[in-house]
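J.: Pasting in a structure now, in structure tokens, and then I'll have a few things to ask.
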Amino acid sequence: MAKIDLDSLNIEELVALRERIAEKLAEKVAARQAELEAELAKLSQYGKPGKKAPAAPAPKAKKADEPLAPKEPPADEAEAA
């Protein structure tokens, strides 16, 4: 690939270069996306996708977040009353 002396280019030339680069990059991205979609279509013919990672368990409530419930007296005290 030829080296370009960016310092020697004027603003119009730099803008034109940027536009060419953006166009070329868009072409390459579109081509790669088409390749990946074709590969995905080939792979999808083999049935279900692989196993998903198990869902993370729900976070436990912190003691400060738990509602305060009235405590029942121990069984010994309940019988005595």
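Values quoted throughout were computed directly from the atomic coordinates according to the rules given, and no laboratory measurement underlies them. These numbers come from a predicted model, not from an experiment. Cβ: placed from backbone, ideal geometry, glycine included. Neighbour counts: every protein chain shown.
J.: Calculate, in nm to one decimal, what Glu39 and Asp7 gain on full extension: separation in residues at 0.36 nm each, minus their alpha carbon distance.
T.: Working it through step by step, the gained length comes to 7.3 nm.
J.: Let me ask you something else. Sort 22-34, 2-14 for me by packing, meaning the mean count of neighbouring Cβ atoms within 10 Å per residue, highest on top. Walk me through the numbers before you get to the answer.
T.: On the way: 22-34: 10.0, 2-14: 8.2.
Ranking the peptides 22-34, 2-14 by packing returns 22-34, 2-14.
J.: Quick check: net charge around Leu14, other residues with Cβ under 12 Å of its Cβ, Lys/Arg +1 and Asp/Glu -1?
T.: Around Leu14, the surrounding residues sum to -3.
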